[in-house]
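Novice: Take this structure first; my questions come after.
The values are calculated or read from the model by the stated rules, or taken from the named source; none is laboratory data. Computed from a prediction, not measured in an experiment: that's the story for all the values here. We place every Cβ from the backbone using ideal geometry, glycine too, and count neighbours over all the protein chains shown. Remember, those area values only see protein heavy atoms, side chains included, never the ligands or the DNA or RNA. Shrake-Rupley method; radii C 1.70, N 1.55, O 1.52, S 1.80 Å.
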Amino acid sequence: GRAIAIRLASEGAPLLLVDRDATGLAETADKCGGEGTAIETLVADLQDRAAPRRIADAARTAHGAIAVLVNNAGVEFRGKVAAHDDAAWDRVIDINLSAAFRLVRELTDDLAATRGAIVNLASVAVVGFAGQAAYDASKGGLATLARSLAVELGPMGVRANAVAPGFVDTEMLKEAPDLAAEAERLVATLPLARTGRVEEGAAGVAWLAAGRASYVTGHTLFVDGGWMRR
(Lines give C-alpha, C1' and ligand atoms only; values in the text may rest on other atoms or scores of the structure.)
Protein backbone atom coordinates (compact mmCIF):
# COMPACT_ATOMS: atom_id res chain seq x y z
CA GLY A 1 0.00 0.00 0.00
CA ARG A 2 2.79 2.42 0.85
CA ALA A 3 4.55 1.75 -2.45
CA ILE A 4 1.31 2.35 -4.36
CA ALA A 5 0.71 5.62 -2.55
CA ILE A 6 4.24 6.82 -3.22
CA ARG A 7 3.97 5.92 -6.91
CA LEU A 8 0.60 7.64 -7.39
CA ALA A 9 1.79 10.73 -5.51
CA SER A 10 4.88 10.87 -7.73
CA GLU A 11 2.54 11.09 -10.71
CA GLY A 12 0.73 14.04 -9.16
CA ALA A 13 -2.38 12.29 -7.89
CA PRO A 14 -4.12 13.86 -4.87
CA LEU A 15 -4.62 11.06 -2.35
CA LEU A 16 -6.67 10.04 0.63
CA LEU A 17 -4.68 7.37 2.47
CA VAL A 18 -6.59 5.07 4.82
CA ASP A 19 -5.14 2.76 7.46
CA ARG A 20 -6.03 1.57 10.94
CA ASP A 21 -2.43 2.26 12.07
CA ALA A 22 -2.11 6.00 12.66
CA THR A 23 1.67 5.88 13.01
CA GLY A 24 2.22 3.94 9.83
CA LEU A 25 -0.27 6.15 8.04
CA ALA A 26 1.62 9.29 9.01
CA GLU A 27 4.89 7.73 7.87
CA THR A 28 3.37 6.86 4.50
CA ALA A 29 1.97 10.35 4.06
CA ASP A 30 5.38 11.80 4.88
CA LYS A 31 7.05 9.63 2.25
CA CYS A 32 4.45 10.77 -0.31
CA GLY A 33 4.87 14.43 0.58
CA GLY A 34 6.57 17.06 -1.44
CA GLU A 35 5.94 20.44 -2.93
CA GLY A 36 2.56 20.56 -4.61
CA THR A 37 1.31 17.22 -3.30
CA ALA A 38 -2.19 16.93 -1.85
CA ILE A 39 -2.14 14.08 0.67
CA GLU A 40 -4.84 13.55 3.28
CA THR A 41 -5.14 10.70 5.76
CA LEU A 42 -7.91 8.91 7.60
CA VAL A 43 -7.61 6.36 10.38
CA ALA A 44 -10.27 3.69 9.83
CA ASP A 45 -10.80 -0.04 10.30
CA LEU A 46 -12.46 -1.64 7.28
CA GLN A 47 -14.22 -4.17 9.50
CA ASP A 48 -16.30 -1.24 10.72
CA ARG A 49 -19.42 -1.16 8.54
CA ALA A 50 -19.47 2.64 8.85
CA ALA A 51 -15.95 2.96 7.40
CA PRO A 52 -16.87 3.11 3.69
CA ARG A 53 -19.17 6.10 4.25
CA ARG A 54 -16.51 7.83 6.36
CA ILE A 55 -13.90 7.21 3.67
CA ALA A 56 -16.15 8.48 0.89
CA ASP A 57 -17.07 11.62 2.81
CA ALA A 58 -13.43 12.31 3.69
CA ALA A 59 -12.34 11.91 0.06
CA ARG A 60 -15.07 14.24 -1.18
CA THR A 61 -14.20 16.83 1.46
CA ALA A 62 -10.48 16.63 0.73
CA HIS A 63 -10.48 16.47 -3.05
CA GLY A 64 -13.97 16.87 -4.44
CA ALA A 65 -14.05 14.50 -7.38
CA ILE A 66 -12.97 10.88 -6.91
CA ALA A 67 -11.34 9.33 -9.95
CA VAL A 68 -9.63 6.19 -8.63
CA LEU A 69 -10.36 3.62 -5.94
CA VAL A 70 -7.53 1.24 -5.00
CA ASN A 71 -8.70 -1.65 -2.84
CA ASN A 72 -5.44 -2.71 -1.23
CA ALA A 73 -6.17 -3.57 2.41
CA GLY A 74 -5.30 -7.16 3.16
CA VAL A 75 -4.78 -9.59 6.03
CA GLU A 76 -3.89 -13.26 6.06
CA PHE A 77 -4.63 -16.35 8.11
CA ARG A 78 -2.31 -19.35 7.83
CA GLY A 79 -3.63 -22.75 8.85
CA LYS A 80 -5.35 -25.88 7.65
CA VAL A 81 -9.03 -25.76 6.79
CA ALA A 82 -9.90 -27.24 10.20
CA ALA A 83 -8.06 -24.34 11.86
CA HIS A 84 -10.11 -21.73 9.99
CA ASP A 85 -12.72 -21.03 12.63
CA ASP A 86 -15.53 -18.63 11.77
CA ALA A 87 -13.71 -15.65 13.30
CA ALA A 88 -10.57 -16.23 11.22
CA TRP A 89 -12.52 -16.80 8.00
CA ASP A 90 -14.81 -13.81 8.56
CA ARG A 91 -11.94 -11.42 9.34
CA VAL A 92 -10.02 -12.25 6.14
CA ILE A 93 -13.06 -12.19 3.88
CA ASP A 94 -14.46 -9.04 5.51
CA ILE A 95 -11.29 -6.98 5.20
CA ASN A 96 -9.91 -8.32 1.93
CA LEU A 97 -13.09 -8.75 -0.10
CA SER A 98 -16.28 -7.46 1.50
CA ALA A 99 -14.78 -4.07 2.35
CA ALA A 100 -13.75 -3.64 -1.29
CA PHE A 101 -17.32 -4.30 -2.40
CA ARG A 102 -18.73 -1.88 0.17
CA LEU A 103 -16.33 0.86 -0.95
CA VAL A 104 -17.31 0.37 -4.57
CA ARG A 105 -20.97 0.48 -3.61
CA GLU A 106 -20.40 3.72 -1.74
CA LEU A 107 -18.37 5.36 -4.53
CA THR A 108 -20.09 4.16 -7.71
CA ASP A 109 -21.74 7.50 -8.46
CA ASP A 110 -18.51 9.42 -7.77
CA LEU A 111 -16.51 7.18 -10.09
CA ALA A 112 -19.18 7.36 -12.78
CA ALA A 113 -19.07 11.15 -12.63
CA THR A 114 -15.32 11.13 -13.35
CA ARG A 115 -15.36 8.06 -15.64
CA GLY A 116 -12.89 6.69 -13.15
CA ALA A 117 -11.12 3.44 -12.37
CA ILE A 118 -11.14 0.72 -9.73
CA VAL A 119 -8.05 -1.37 -9.05
CA ASN A 120 -8.29 -4.37 -6.73
CA LEU A 121 -5.17 -5.96 -5.27
CA ALA A 122 -5.52 -9.68 -5.90
CA SER A 123 -2.60 -12.11 -5.78
CA VAL A 124 -1.01 -15.07 -7.51
CA ALA A 125 -2.73 -16.89 -4.64
CA VAL A 126 -5.74 -17.15 -6.98
CA VAL A 127 -4.09 -20.38 -8.17
CA GLY A 128 -4.60 -21.83 -4.68
CA PHE A 129 -2.13 -22.82 -1.97
CA ALA A 130 -2.47 -25.18 0.97
CA GLY A 131 -2.97 -23.60 4.37
CA GLN A 132 -4.51 -20.30 3.32
CA ALA A 133 -8.05 -21.06 2.18
CA ALA A 134 -9.57 -17.77 3.35
CA TYR A 135 -6.81 -15.63 1.86
CA ASP A 136 -6.88 -17.44 -1.49
CA ALA A 137 -10.68 -17.21 -1.65
CA SER A 138 -10.58 -13.49 -0.90
CA LYS A 139 -7.99 -12.80 -3.59
CA GLY A 140 -9.84 -14.87 -6.16
CA GLY A 141 -12.96 -12.98 -5.19
CA LEU A 142 -11.27 -9.63 -5.83
CA ALA A 143 -10.27 -10.70 -9.34
CA THR A 144 -13.77 -11.94 -10.11
CA LEU A 145 -15.32 -8.85 -8.54
CA ALA A 146 -13.27 -6.70 -10.93
CA ARG A 147 -14.66 -8.63 -13.90
CA SER A 148 -18.22 -8.28 -12.65
CA LEU A 149 -17.78 -4.55 -12.02
CA ALA A 150 -16.24 -4.11 -15.46
CA VAL A 151 -19.42 -5.43 -17.04
CA GLU A 152 -21.85 -3.55 -14.81
CA LEU A 153 -20.03 -0.22 -14.55
CA GLY A 154 -18.48 -0.11 -18.02
CA PRO A 155 -21.53 1.61 -19.54
CA MET A 156 -20.99 4.37 -16.96
CA GLY A 157 -17.43 4.81 -18.17
CA VAL A 158 -15.90 3.16 -15.10
CA ARG A 159 -13.07 0.66 -15.61
CA ALA A 160 -12.39 -2.13 -13.09
CA ASN A 161 -9.26 -4.27 -13.04
CA ALA A 162 -7.07 -6.20 -10.63
CA VAL A 163 -3.34 -6.51 -10.07
CA ALA A 164 -2.09 -9.91 -8.93
CA PRO A 165 1.44 -9.76 -7.55
CA GLY A 166 3.48 -12.92 -7.16
CA PHE A 167 5.79 -13.46 -4.23
CA VAL A 168 6.83 -9.97 -3.15
CA ASP A 169 9.32 -8.97 -0.49
CA THR A 170 6.85 -7.57 2.06
CA GLU A 171 6.40 -7.71 5.81
CA MET A 172 3.53 -10.18 5.35
CA LEU A 173 5.90 -12.61 3.64
CA LYS A 174 8.61 -12.13 6.26
CA GLU A 175 6.14 -12.80 9.07
CA ALA A 176 5.27 -16.26 7.69
CA PRO A 177 8.49 -18.33 7.72
CA ASP A 178 6.83 -21.38 6.12
CA LEU A 179 5.45 -19.25 3.29
CA ALA A 180 8.79 -17.50 2.86
CA ALA A 181 10.51 -20.88 2.48
CA GLU A 182 7.92 -21.97 -0.07
CA ALA A 183 8.36 -18.67 -1.92
CA GLU A 184 12.12 -19.15 -2.08
CA ARG A 185 11.65 -22.60 -3.59
CA LEU A 186 9.05 -21.51 -6.11
CA VAL A 187 10.64 -18.28 -7.31
CA ALA A 188 13.75 -20.25 -8.25
CA THR A 189 11.62 -21.92 -10.94
CA LEU A 190 10.36 -18.66 -12.44
CA PRO A 191 11.76 -17.08 -15.60
CA LEU A 192 12.96 -14.07 -13.58
CA ALA A 193 14.07 -16.28 -10.68
CA ARG A 194 13.52 -13.74 -7.88
CA THR A 195 10.87 -12.29 -5.61
CA GLY A 196 9.18 -9.11 -6.75
CA ARG A 197 9.66 -5.61 -5.43
CA VAL A 198 6.74 -3.61 -4.08
CA GLU A 199 7.54 -0.85 -6.56
CA GLU A 200 6.86 -3.26 -9.43
CA GLY A 201 3.36 -4.04 -8.22
CA ALA A 202 2.76 -0.34 -7.62
CA ALA A 203 3.72 0.40 -11.23
CA GLY A 204 1.02 -2.01 -12.38
CA VAL A 205 -1.58 -0.30 -10.21
CA ALA A 206 -0.56 3.14 -11.48
CA TRP A 207 -0.83 2.00 -15.09
CA LEU A 208 -4.31 0.52 -14.67
CA ALA A 209 -5.49 3.57 -12.72
CA ALA A 210 -4.41 6.05 -15.38
CA GLY A 211 -5.70 7.04 -18.78
CA ARG A 212 -2.84 5.09 -20.34
CA ALA A 213 -4.97 2.00 -19.76
CA SER A 214 -8.19 3.60 -21.01
CA TYR A 215 -9.25 0.51 -23.03
CA VAL A 216 -8.38 -2.06 -20.35
CA THR A 217 -11.14 -3.33 -18.10
CA GLY A 218 -12.12 -6.64 -16.53
CA HIS A 219 -8.46 -7.66 -16.61
CA THR A 220 -6.17 -9.17 -13.99
CA LEU A 221 -2.58 -8.04 -14.49
CA PHE A 222 -0.17 -10.62 -13.09
CA VAL A 223 3.03 -9.00 -11.85
CA ASP A 224 4.58 -12.29 -10.93
CA GLY A 225 7.94 -12.93 -12.59
CA GLY A 226 6.35 -15.31 -15.09
CA TRP A 227 4.36 -17.52 -12.72
CA MET A 228 1.14 -17.48 -14.77
CA ARG A 229 2.85 -18.61 -17.95
CA ARG A 230 2.18 -22.10 -16.63
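Novice: Limited to the stretch 7-32, what total is found for residues that are part of a helix (DSSP H, G or I) and surrounded by fewer than 19 Cβ atoms within 10 Å (Cβ to Cβ)?
Specialist: Within the stretch 7-32, residues that are part of a helix (DSSP H, G or I) and surrounded by fewer than 19 Cβ atoms within 10 Å (Cβ to Cβ) number 8.
Novice: Now for a different question. Of all residues in the stretch 33-52 being in contact with a Lys or Arg (Cβ under 9 Å, 6 or more places away or on another chain) and open to solvent by 40 Å² or more (accessible area, probe 1.4 Å), which is farthest from Ile93 (Cα to Cα)?
Specialist: Looking at the filtered set, the residue picked out is Val43.
Novice: Of all the residues that make up the stretch 202-230, how many are free of Cβ contacts under 8 Å to residues at least 24 places away in the same chain and more than 19 Å from Ile4 (Cα to Cα)? Full working, then the answer.
Specialist: Kept after step one, since they are free of Cβ contacts under 8 Å to residues at least 24 places away in the same chain, are these residues of the stretch 202-230: 207, 211-212, 215, 230.
So of that shortlist, the ones also more than 19 Å from Ile4 (Cα to Cα) come out as 215, 230.
Final tally of qualifying residues: 2.
Novice: Looking for something modelled with pLDDT of 95 or more, in a helix (DSSP H, G or I), under 16 Å from the mean Cα position of the chain (by Cα) and not basic (Lys, Arg) - is there at least one such residue anywhere in the stretch 41-49?
Specialist: no
Novice: For Glu76, indicate whether it is at pLDDT below 95 and not small (Gly, Ala, Ser). Spell out the reasoning first.
Specialist: On the way: at pLDDT below 95: yes; not small (Gly, Ala, Ser): yes.
Against the criterion (at pLDDT below 95 and not small (Gly, Ala, Ser)), Glu76 qualifies.
Novice: Limited to the stretch 50-92, what total is found for residues that are assigned to a helix (DSSP H, G or I) and of a type in the set (A, V, I, L, M, F, W, C)?
Specialist: Our first condition is that a residue be assigned to a helix (DSSP H, G or I); within the stretch 50-92, this holds for 51-63, 81-83, 86-92.
From what is left, the residues that are of a type in the set (A, V, I, L, M, F, W, C) are 51, 55-56, 58-59, 62, 81-83, 87-89, 92.
So the count comes out to 13.
Novice: So, one more: Search the stretch 113-151 for residues being hydrophobic (A, V, I, L, M, F, W, C), assigned to a helix (DSSP H, G or I) and over 16 Å from Phe101 (Cα atoms), and hand back the single one that is most open to solvent (accessible area, probe 1.4 Å).
Specialist: So the residue we want is Ala113.
Novice: State whether one or more residues within the stretch 97-112 are assigned to a loop (DSSP other than H, G, I, E, B) and either open to solvent by 70 Å² or more (accessible area, probe 1.4 Å) or in contact (Cβ under 8 Å) with a residue 12 or more places away in the chain (or both).
Specialist: no
Novice: Do we have any residue at all in the stretch 192-200 that's open to solvent by less than 10 Å² (accessible area, probe 1.4 Å) and closer than 28 Å to Ala67 by Cα?
Specialist: No, every residue in the stretch 192-200 fails to be open to solvent by less than 10 Å² (accessible area, probe 1.4 Å) and closer than 28 Å to Ala67 by Cα.
Novice: Does the stretch 122-134 contain any residue that is at pLDDT 95 or above and more than 21 Å from Ala210 (Cα to Cα)?
Specialist: yes
Novice: Okay, next question. Residues being farther than 15 Å from Asp224 by Cα and either at pLDDT below 75 or open to solvent by 70 Å² or more (accessible area, probe 1.4 Å) (or both): count how many of those fall in the stretch 168-188.
Specialist: 9
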